[in-house]
Amino acid sequence: VSAVMGTWASAVTTAVAPLCWENKVMLFTVSGADSITKLPHQGYIIRTQPNSTLQITKLAEFLGQQGAKRIFIIGAQTPFAEPNRIILEREMPKYGGTVLGQVIYDRDKTTFRSEVDQGLRARPDFLFLNGYTPDVTIILRELFRADFRGGKVSPAYAVNAKLLESLPAEVSNGTLTWAPSPAVDSPAFKRLQALLNTADPDPYSCQTNDHAALAILAIAKAGSASAEAIRENVRKISQGPGEKVTDVLDGLKLLAAGKDINYEGASGACDFDEIGDILTCPFRYEVAENQKQRTLRIG
């Protein structure tokens with residue numbers, strides 16, 4: 001194959017990436033750990049998901065706006081756990097806050113009461129639940145039983161519709177989330193709404209749709225379907241002075257006519273730095289209310 005698309009969990013991408021660059025296969029990923037694009041990938045990685053630095057910088061800003069002063073992290077053992085702590089510790093003093101500590105857990109466990117108790121002993125006013133849906137579900141139950149009255153924030157991929165439907169409203173109510181947001185006002189997003197028959201395509205569906213578009217347009221630009229051709233041309237069709245396009249078919253027509261293009265997709269402006277990281281994207285901030293998510297703002 002010329003490209004692999006859509007690897008999600010950072011641990012999975014970390015394992016897949018060497019197989020791709022050693023075999024000269026392009027890898028498009030939605031994983032967030034900073035370490036991924038620091039691998040010696042020779043240009044064979046493009047990441048549409050913001051890296052940990054951008055995500056946690058946005059989280060610190062959000063927590064500052066919520067008045068958080070004393071934050072404790074309860075996190076799963078993942079490649080991004082320790083970098084996230086370091087970044088949050090660095091950023092929170094800008095907003096008058098501090099990170100009290102972190103406890104890391106094995107997410108295959110069925111109870112996390114000891115980790116919850118360790119976090120609560122620090123007397124935080126906010127807990128950052130840095131895990132995935134199955135383990136965060138259990139932790140929210142433990143916090144409810146412990147009568148924790150402070151704030152809770154977690155990645156939106158963890159506190160999702162599945163989690164909210166599985167818990168009583170009083171257990172999840174007030175839990176804040178943040179996540180990269182699709183470009184909800186863009187023609188590409190509206191097109192994907194119709195294609196997927198949903199009013200709210202999730203960020204990963206938008207990103208992986210853009211993976212396909214980027215690969216197709218890079219191949220058309222190069223006149224070759226090799227991974228090397230995608231690697232050398234993906235930025236030529238996604239950033240720069242070319243005509244802005246939001247539809248892959250429009251882009252193909254312009255390329256066939258010898259025109260330069262600048263593709264912007266459902267996930268936003270697909271502009272990448274030299275190591276393959278997305279430069280910017282909007283973020284969505286939400287709060288759990290009565291087993292649903294209510295959007296606080298996008299920006």
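The values are calculated or read from the model by the stated rules, or taken from the named source; none is laboratory data. This one's a predicted model, so the numbers in the text were calculated from it and none came from an experiment. As a convention, Cβ positions derive from the backbone with ideal geometry for all residues, glycine included, and neighbour counts pool all protein chains shown. Side chains included, ligands, DNA and RNA excluded: accessible areas come from the protein's heavy atoms. Shrake-Rupley method; radii C 1.70, N 1.55, O 1.52, S 1.80 Å.
See the values below:
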| quantity | calculated |
| --- | --- |
| Some residue of segment 246-253 being touching a strand residue (DSSP E or B) at 6+ places or on another chain (Cβ under 6 Å) and more than 30 Å from residue 23 (Cβ to Cβ) | yes |
| Matching residues, segment 85-99, being open to solvent by less than 40 Å² (accessible area, probe 1.4 Å), outside any loop (DSSP other than H, G, I, E, B) and without any contact (Cβ under 8 Å) to a residue 40 or more places away in the chain | 87, 91, 92, 99 |
| Any pair with Cβ under 6 angstrom, 6 or more apart, that starts in segment 57-84 at a residue that is within 21 Å of residue 150 (Cβ to Cβ) and ends at one that is acidic (Asp, Glu) and at pLDDT 95 or above | 60/91; 69/125; 70/125; 74/115; 76/135 |
| Neighbours by Cβ (under 6 Å, 6+ apart or cross-chain): first from segment 268-297, within 13 Å of residue 179 (Cβ to Cβ); second surrounded by 15 or more Cβ atoms within 10 Å (Cβ to Cβ) and of a type in the set (Lys, Arg) | 283/58 |
| Residue pairs meeting the criteria (Cβ under 7 Å; at least 6 apart or on separate chains; first farther than 16 Å from residue 8 by Cβ, in segment 24-41; second open to solvent by 10 Å² or more (accessible area, probe 1.4 Å) and of a type in the set (D, E, K, R)) | 24/228; 26/231 |
| Subset of segment 56-82 (residues that are out of contact with any Phe, Trp or Tyr (no Cβ under 8 Å at 6 or more places or on another chain), under 15 Å from residue 155 (Cα atoms), open to solvent by 10 Å² or more (accessible area, probe 1.4 Å) and part of a helix (DSSP H, G or I)) | 57 |
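Residues checked against (1) more than 17 Å from residue 69 (Cβ to Cβ); (2) outside any helix (DSSP H, G or I); (3) touching a residue at least 12 places away in the same chain (Cβ under 8 Å):
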{"site": "101", "(1), (2), (3)": "no, yes, yes"}
{"site": "110", "(1), (2), (3)": "yes, yes, yes"}
{"site": "114", "(1), (2), (3)": "yes, no, no"}
{"site": "119", "(1), (2), (3)": "no, no, yes"}
{"site": "129", "(1), (2), (3)": "yes, yes, yes"}
{"site": "135", "(1), (2), (3)": "yes, no, yes"}
{"site": "141", "(1), (2), (3)": "yes, no, yes"}
